[in-house]
Amino acid sequence: MDIMWHGQSCFTIKGKKGVVVTNPYADDGIKNEKLKADLILVSDMAPVFGEEKGAKKLLPVAGTDADSKPKICDVPGEYEVSEIPVTGTQFPEQKKTIFQFRVDDMSICFLGNIDQTIPAEMIEKIGDVDILMIPVGGVGCLDAKKAQSVIEEIEPRMVVPMSYDENEGQLTAFLKNTGTTPEAKDTFTMTKANLPQDKIEYVVLNIK
């Protein structure tokens, strides 16, 4: 599995059988306009391509081949696209959805842009997580301190921070709380066999 970050909460997650893109919001200034996916996950209620419906508009995302269009999941529920199972759970009292999905037999939890810590009953429902994608910027989402609290509750094997401004010191504040200094990567590649087992590993990505 390969993970690329396009800024804010927009990622491409490419597995052997399918490709997922998360939150390709045009409003967030995402520079990559050549995104391709089998499945698009939208965590804030319900923007659609080219229309102002809800808080944000989405960039156009092509299918992974010429004859296909990606499936858009923008509400809570259970889905399966290209053999990628997805569960979307609405965050309590907010129009935000947390998504859990499996790619190449790895469990990924995408928290979107939540701005509050997660209730205990929801933490229990999330269960075992291999890779956690979590906002850390503190502007309309979790700040460094709250993000670290959520990480300690979920106990994932790997953490990928998102939704921060590289020029505002938000990532630095988050990493200071974790006590780690990972070197930024252009692409993060991981297999089930290589997941850490006895510690949480932090992965910082450059924007592509």
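Non-local amide H neighbours of Cys141 (under 5 Å, H modeled in plane, Pro and chain starts lacking H): which ones?
The list, which skips near neighbours in sequence, is empty: none.
Which entries of Lys31/Lys192; Lys56/Lys145; Lys14/Lys69 show an alpha-carbon separation above 20 angstrom in the structure shown?
Pairs exceeding 20 Å: Lys31/Lys192; Lys56/Lys145.
Name the shape class, rounded, prolate or oblate, that the alpha-carbon gyration tensor gives for segment 141-207, where a ≥ b ≥ c are the square roots of its eigenvalues, rounded holds for a/c under 1.5, and otherwise prolate holds if a/b is larger than b/c and oblate otherwise.
Oblate.
Express in nm, to one decimal, how much length is gained between Glu166 and Ile207 on full extension, taking 0.36 nm for each residue of separation and deducting their alpha carbon distance.
13.8 nm
Enumerate the aspartates and glutamates that Lys95 could reach by cross-link, defined here as Cα to Cα under 13 Å, with residues fewer than 8 away along the same chain left out.
Asp44, Asp74, Asp115
What residues qualify as long-range amide H neighbours of Glu201, i.e. H under 5 Å apart, gap of 5 or more or another chain, H built at 1.01 Å from N?
Met158, Val159
Quote the relative contact order of segment 71-208 in percent (integer), defining contacts as alpha-carbon pairs under 8 Å separated by 6+ residues.
Normalised by residue count, the contact order of segment 71-208 is 17 percent.
For a Förster distance of 30 Å, can you work out the FRET efficiency between the beta-carbons of Ser68 and Lys192, rounded to the nearest 0.05?
0.65
Net charge around Gly15, counting only other residues with Cβ within less than 14 Å of its Cβ (Lys, Arg = +1; Asp, Glu = -1)?
Combined, the nearby Lys, Arg, Asp and Glu give -1.
Starting from the Cα-Cα distance between Gln94 and Ala184, subtract it from 0.36 nm times their residue separation and give me the gain in nm to one decimal.
Fully extending the segment from Gln94 to Ala184 adds 29.2 nm.
Using the Karplus equation 6.51 cos²θ - 1.76 cosθ + 1.60 (θ = phi - 60°), what ³J(HN,Hα) coupling, rounded to whole Hz, does each residue of segment 195-207 give in order, writing x for Gly and Pro?
Couplings: 5, x, 10, 10, 7, 9, 9, 9, 10, 10, 10, 7, 6 Hz.
Using 0.36 nm times the number of residues separating Val75 and Val139, minus their current alpha carbon distance, what extension gain do you get?
Contour length minus Cα-Cα distance gives 20.7 nm.
Return an integer: the convex hull volume of the alpha-carbon atoms of segment 2-202, in Å³ per residue.
Measuring per residue, one finds 117 Å³ for the Cα hull of segment 2-202.
Note down the nm distance, to one decimal, between modelled labels 7 Å out along Cα→Cβ at Lys176 and at Thr117.
Simple spin-label model gives 2.0 nm for this pair.
Rounded to the nearest 500, what is the chain's calculated 222 nm mean residue ellipticity when only DSSP H runs of at least 4 contribute -39500 (n - 2.57) each, over all residues?
Taking each H run of at least 4 residues, the total per residue is -3500 deg cm²/dmol.
No value in this document is a laboratory result; all are computed from the given coordinates. Just so we're clear, the structure is a prediction, and the values are computed from it rather than from any experiment. Glycine gets a Cβ as well: all are built from the backbone with ideal geometry, and neighbour counts include every protein chain shown.
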